[in-house]
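Undergrad: I have a structure here, written as structure tokens, and I will follow up with some questions on it.
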Amino acid sequence: MPVRVALIVGSLREGAYSRAIGLEMRAIAAPELELELIEIGDLPLYNPDLETDAPPAPWVRFREEVETTQAVLFVTPEYNRSIPGALKNALDVGSRPYGHSIWQGKPAAIVSVSPGAIGAFGANHHLRQPLVFLNMPVMQQPEAYIGNVADLLDDDGKLKTDGTRDFLKSFTDAFAAWIDKTKA
Ligand SMILES: Cc1cc2nc3c(=O)[nH]c(=O)nc-3n(C[C@H](O)[C@H](O)[C@H](O)COP(=O)(O)O)c2cc1C
């Protein structure tokens, strides 16, 4: 049975490089991983006042979808040397109600993506901070900072070179081993 992995993309932009990288990873992932793209763009900003018997439908949808998965792959751009607000909001939505976090114990991996040279290092490492608190064992190695991403994808959002494809494939292989080692 393949392991179902939530694929969460930090960008809401149509044509996002990070989404393209995530979808390419879904296509080349180790056969033991089944990556499921879970959308975060429609989630209302987290507000505890909305945490009633009838919370916003997108929160319910999101929580249910992540609940069906056993691990999470985050592919994110960097906004102002941190993670995009939409991604932080998704983490917050999933973390509540208190005691019912959908993230609890799920192994995670992070791929950061940027057209710049630094490969969104700041976002990659800022994301690690809430994941510690959310008790998600995050894969340490290999790290993935995908810089100069505009040069790596063609107009259809497909990887241009075997080098990048091989690296991302090896990353998913390592993640499959990490999930096997750390899953609850
Ligand atoms: C609000 C904002 C802040 C940004 N800050 C950074 C940054 O700190 N580092 C960086 O490498 N790129 C930054 N960028 C540029 C993004 O890397 C670029 O827009 C990229 O295409 C976004 O990823 P996406 O294609 O997956 O949407 C920023 C873009 C926006 C809109």
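The values are calculated or read from the model by the stated rules, or taken from the named source; none is laboratory data. Keep in mind it's a predicted model, so treat the numbers as computed, not measured. Don't worry about glycine lacking a Cβ; one is built from the backbone with ideal geometry, like all the others, and counts go over all protein chains shown. In case anyone asks, the SASA skips ligands and DNA or RNA and just uses the protein heavy atoms, side chains included. Shrake-Rupley method; radii C 1.70, N 1.55, O 1.52, S 1.80 Å.
Undergrad: Looking at (1) closer than 27 Å to GLU14 by Cβ; (2) in contact with a helix residue (DSSP H, G or I) (Cβ under 8 Å, 6 or more places away or on another chain); (3) assigned to a loop (DSSP other than H, G, I, E, B), which is the only condition PRO142 fails?
TA: Unmet for PRO142, out of (1) closer than 27 Å to GLU14 by Cβ; (2) in contact with a helix residue (DSSP H, G or I) (Cβ under 8 Å, 6 or more places away or on another chain); (3) assigned to a loop (DSSP other than H, G, I, E, B): (1).
Undergrad: Looking only at region 19-52, how many residues end up being away from the ligand (no atom under 16 Å from the Cβ) and either of a type outside the set (A, V, I, L, M) or over 30 Å from SER114 (Cβ atoms) (or both)?
TA: 13
Okay, residues lined up against (1) within 15 Å of the chain's Cα centre (by Cα); (2) surrounded by fewer than 19 Cβ atoms within 10 Å (Cβ to Cβ); (3) farther than 19 Å from LEU131 by Cβ:
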residue: SER11; (1), (2), (3): yes, no, no
residue: GLY15; (1), (2), (3): no, yes, yes
residue: ALA20; (1), (2), (3): yes, no, yes
residue: ILE28; (1), (2), (3): no, yes, yes
residue: LEU35; (1), (2), (3): yes, no, no
residue: LEU50; (1), (2), (3): no, yes, yes
residue: ALA57; (1), (2), (3): no, yes, yes
residue: THR76; (1), (2), (3): yes, no, no
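Undergrad: Would you check if LEU91 is in contact with a Gly (Cβ under 8 Å, 6 or more places away or on another chain), in contact (Cβ under 8 Å) with a residue 24 or more places away in the chain and either more than 16 Å from the ligand (Cβ to nearest atom) or not in a loop (DSSP other than H, G, I, E, B) (or both)?
TA: On the way: in contact with a Gly (Cβ under 8 Å, 6 or more places away or on another chain): no; in contact (Cβ under 8 Å) with a residue 24 or more places away in the chain: yes; either more than 16 Å from the ligand (Cβ to nearest atom) or not in a loop (DSSP other than H, G, I, E, B) (or both): yes.
Considered against the rule, which asks whether it is in contact with a Gly (Cβ under 8 Å, 6 or more places away or on another chain), in contact (Cβ under 8 Å) with a residue 24 or more places away in the chain and either more than 16 Å from the ligand (Cβ to nearest atom) or not in a loop (DSSP other than H, G, I, E, B) (or both), LEU91 comes out as no.
Undergrad: Is it the case that region 53-65 has a residue that's at positive phi and more than 15 Å from the ligand (Cβ to nearest atom)?
TA: So far as region 53-65 goes, no, none of its residues is at positive phi and more than 15 Å from the ligand (Cβ to nearest atom).
Undergrad: Enumerate the pairs (first residue in region 112-131 and within 9 Å of the ligand (Cβ to nearest atom); second residue anywhere and among the polar types (S, T, N, Q) and assigned to a loop (DSSP other than H, G, I, E, B)) with beta-carbon separation below 7 Å, excluding pairs fewer than 6 apart on the same chain, so at least 6 apart or on different chains.
TA: From residues that are within 9 Å of the ligand (Cβ to nearest atom), the pairs are PRO115/ASN148; ALA117/ASN148; ALA120/SER114.
Undergrad: Those residues that are open to solvent by less than 50 Å² (accessible area, probe 1.4 Å) and within 16 Å of PRO115 (Cα to Cα), I need them from region 154-172; list them, please.
TA: Across region 154-172, the qualifying residues are GLY157, LEU159, THR164.
Undergrad: Does ALA6 satisfy the condition of being open to solvent by 40 Å² or more (accessible area, probe 1.4 Å) and small (Gly, Ala, Ser)?
TA: Taking the combined requirement at face value, the residue does not satisfy it.
Undergrad: Report yes if some residue within region 105-122 is in a helix (DSSP H, G or I) and either out of contact with any helix residue (DSSP H, G or I) (no Cβ under 7 Å at 6 or more places or on another chain) or open to solvent by less than 50 Å² (accessible area, probe 1.4 Å) (or both); otherwise report no.
TA: yes
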